[in-house]
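The values are calculated or read from the model by the stated rules, or taken from the named source; none is laboratory data. These figures come from a predicted structure and were not determined experimentally. All Cβ positions, glycine included, derive from the backbone under ideal geometry; neighbour counts span all protein chains shown. Protein only, heavy atoms only, side chains kept; ligands, DNA and RNA dropped before computing areas. Shrake-Rupley method; radii C 1.70, N 1.55, O 1.52, S 1.80 Å.
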Amino acid sequence: MPLITVESCTFALFGALGDLAVRKLFPALYQLDRAGLLHADTRIFALARESGSEQQHLAYIDSSLRRFVPEAELEDEHVQRFQARLSYLHVDFLKAEDYVALADRVGDAERLIAYFATPASVYGAICENLASVNLTERTRAVLEKPIGHDLASSRRVNDAVAQFFPENRVYRIDHYLGKETVQNLIALRFANSLFETQWNQNHISHVEITVAEQVGIEGRWGYFDQAGQLRDMIQNHLLQLLCLIAMDPPSDLSADSIRDEKVKVLKALAPFTPERLATQVVRGQYIAGYSEGKPVPGYLEEENSNTQSDTETFVALRADIRNWRWSGVPFYLRTGKRMPQKLSQIVIHFKEPPHYIFAPEQRLQISNRLIIRLQPDEGISLQVMTKDQGLDKGMQLRSGPLQLNFSDTYQSARIPDAYERLLLEVMRGNQNLFVRKDEIEYAWQWCDQLIAGWKKAGDAPKPYAAGSWGPMSSIALITRDGRSWYGDI
Ligand code: BG6
């Protein structure tokens, strides 16, 4: 039996027929139900603007569930129980009168969770309409990214929501915070005294954060072209990872203690001067190439593309944090579409020992690294130097891992999807995996000046072949500092 008990909640899922809902949200709710983590009385209202019968839309949700949940995890008993919780309601999000039926169906349920899987431009209207049928007081509002496309627009969205929901009932999603290994970062850093003494500029030379995707745009050209990789990935996921690595230990695990520390990091990020922009930031756009041995089109040749677009599909940059702990320690961030493999990892490179006593030709090998692999093969490995075995090896050194591979170590447990964890935490009223308003705003502020710098410089993104690790200049970005991206082949 689960160790966690959850209260009964009613879910109102706005945008229930959209990609996110069918790929992630329904499967996550199903898995929670399957794990015994939905209260017996929990009901789920799928809300969407599409016309058509309830039966037809529920059949679509059911077929998507069968597509996105592994067959072995779709036991009849669990599927039927889940289906019994679901109903579909046609709601035009902008029409107050359409919310009356929702209010009737919700009745006097104590807790409503309103999940906004819609464009952020309608968040304000949804809140207002929920308020018009008295559905805000007992409600937690869950907001999907992107919240705006710059500081000004994100403030407009947040302010519109804040008229109806106090911050302690707003849950802003960054799904990276729900990933098991990201959670483990907090445990690793703050449940082991071993690392904290080393976690600063005295011992760490640099940090790499790579979030590489093998896929291209996957039919989302319209959305993606407005955003680009900086807004889509760096402003949120990569900066959140950077914060978790760089923040000071919080005084406790409460949401605000953690978020206060993350905000301090965001505030300390050095802005980009024109000189830094020219040498420490690289924008790229993929051209045709190969993915898993098959030819794939370039960004400008994708379905529905505009051949003039200069939107970036790749960004590499060096971020500097201006505080005592991190002064002089670069954080190299890199993310792109159509890279050779899907890989999200953080590599902490420790400094060389202060006095070197081994053969000079082995010197370059010497460095401890902590590798935190978020996906695939979630795990943590600490590269340590040992002596090669054998009489003939002399004092030959080798680097070997002290390894914790989650799927091997915890063999029986499946690794839950990030959305399962996040939905569970919303039900439990725990905000520490969600992003506070000021975090989003400081992140936008930093990205906005970067985008403004790009605009001013007017440079087109550098081409890179699909299936490669990005433009050559992204390699120069790090080699110029005498380093290289870990593990690139
Ligand atoms: C989303 C981005 O937030 O994250 C997508 O909008 C991206 O463009 C996705 O593909 C990556 O998430 P994950 O969990 O697959 O690494």
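Here are the numbers for this structure:
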item: Structure-based [θ]222 nm, the chain - -39500 (n - 2.57) summed over DSSP H runs of at least 4, per residue, nearest 500; result: -9500 deg cm²/dmol
item: Acute angle (nearest 10 degrees) that the helix 418-428 long axis makes with the longest principal axis of the chain, alpha-carbon atoms; result: 50 degrees
item: Size of charge dipole - the chain - debye, nearest 20, with Cβ of Lys, Arg +1 and Asp, Glu -1, no other charges; result: 1340 debye
item: Radius 11 Å from Cβ of Lys145, net charge of other residues (Lys, Arg +1; Asp, Glu -1); result: -1
item: Rounded accessible area per residue of segment 17-127, 1.4 Å, Å²; result: 46 Å²
item: Antiparallel bridges, percent of DSSP beta bridges restricted to the chain (to nearest 5); result: 55 percent
item: Partners for Lys456 among lysines (Cα-Cα distance below 24 Å; same-chain residues under 8 apart left out); result: Lys267
item: Point-to-point label distance, Leu94-Ala40, nm (Cα→Cβ direction, 7 Å offset); result: 4.4 nm
item: Pairwise label distance in nanometres, Tyr290 with Ala125, each label 7 Å out on the Cα-Cβ vector; result: 4.8 nm
item: Accessible surface of the chain, 1.4 Å probe, proportion on carbon and sulfur as whole %; result: 51 percent
item: Per residue, in Å², the accessible surface of segment 404-489 once ligands and nucleic acids are set aside, probe 1.4 Å; result: 48 Å²
item: The chain - percent relative contact order, Cα under 8 Å, separation 6 or more; result: 18 percent
item: Among Thr311, Tyr299, Trp324 the positive-end extreme of the charge dipole of segment 290-331 (Cβ point charges); result: Trp324
item: Entries of Lys337/Lys387; Lys95/Lys179; Lys145/Lys264 with Cα pairs more than 28 Å apart; result: Lys337/Lys387; Lys95/Lys179
item: Stretchable slack from Ala452 to Met472, in nm (0.36 nm times residue separation minus alpha-carbon distance); result: 4.8 nm
item: Mean Cα-pair separation over length for segment 1-89, i.e. relative contact order, pairs under 8 Å, 6 or more apart, %; result: 39 percent
item: Segment 314-353, relative contact order in percent, only Cα pairs under 8 angstrom and at least six apart counted; result: 36 percent
